[in-house]
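J.: Can you read through this structure? Questions will come right after.
The values are calculated or read from the model by the stated rules, or taken from the named source; none is laboratory data. Because the structure is a prediction, the values reported are computed rather than measured. Positions of Cβ are backbone-derived with ideal geometry, glycine not excepted, and every protein chain shown enters the neighbour counts. Ligands, DNA and RNA are excluded from the accessible area calculation, which covers all protein heavy atoms including side chains. Shrake-Rupley method; radii C 1.70, N 1.55, O 1.52, S 1.80 Å.
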Amino acid sequence: MVVEVAGQGDYEPLRPDVILAFHELCLVRDDGEWFMRQLDDDGSVICWASYGSDPAEAIRSL
């Protein structure tokens, strides 16, 4: 799992301790921050950006 680095066209690795799947989207928690991404057919996950540390706020963003 990785997260896109804005404006750089590069990725940073994530080491999530929690992954929550909601149909086609998932939330991934890494180092206390929640990231979102659509699940790819091959099971890979490239997260868009951090949605903060509050899980309720991240879920509302779905």
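J.: Using only helices, what value at 222 nm comes out for the chain when you add -39,500 (n - 2.57) per DSSP H run of length 4 or more and divide by the total residues, to the nearest 500 deg cm²/dmol?
T.: Per the formula, -2000 deg cm²/dmol.
J.: Moving on to the next point. Compare the peptides 9-15, 53-59, 22-28 by average per-residue count of other Cβ atoms within 10 angstrom and give them in order, highest first.
T.: 22-28, 53-59, 9-15
J.: Relative contact order of the chain, please, whole-number percent, based on alpha carbon pairs below 8 angstrom and at least 6 residues apart.
T.: After rounding, I find 28 percent.
J.: Something else: Could you work out what % of the accessible surface of the chain is carbon and sulfur, using a 1.4 angstrom probe and leaving DNA, RNA and ligands out of the count?
T.: After summing per-atom areas, the C and S share lands at 47 percent.
J.: Give me the 1.4 Å probe accessible area per residue for the chain, excluding ligands and nucleic acids, in Å².
T.: So the chain comes to 67 Å² accessible per residue, rounded to a whole number.
J.: What share of Cα pairs, in percent, lie more than 19 angstrom apart in the chain?
T.: 22
J.: Hey, can you grab everything whose amide H is under 5 Å from the amide H of V45? Only 5+ residues off in sequence or another chain; H modelled, so Pro and N-termini drop out.
T.: Close amide H contacts, sequence-distant or interchain: V2.
J.: Short version: ³J(HN,Hα) in whole Hz for each residue of the stretch 39-49, in order, from phi by Karplus 6.51 cos²θ - 1.76 cosθ + 1.60 (θ = phi - 60°), x for Gly and Pro, what are they?
T.: With the stated coefficients, the stretch 39-49 comes to 6, 7, 4, 8, x, 6, 9, 10, 6, 7, 6 Hz.
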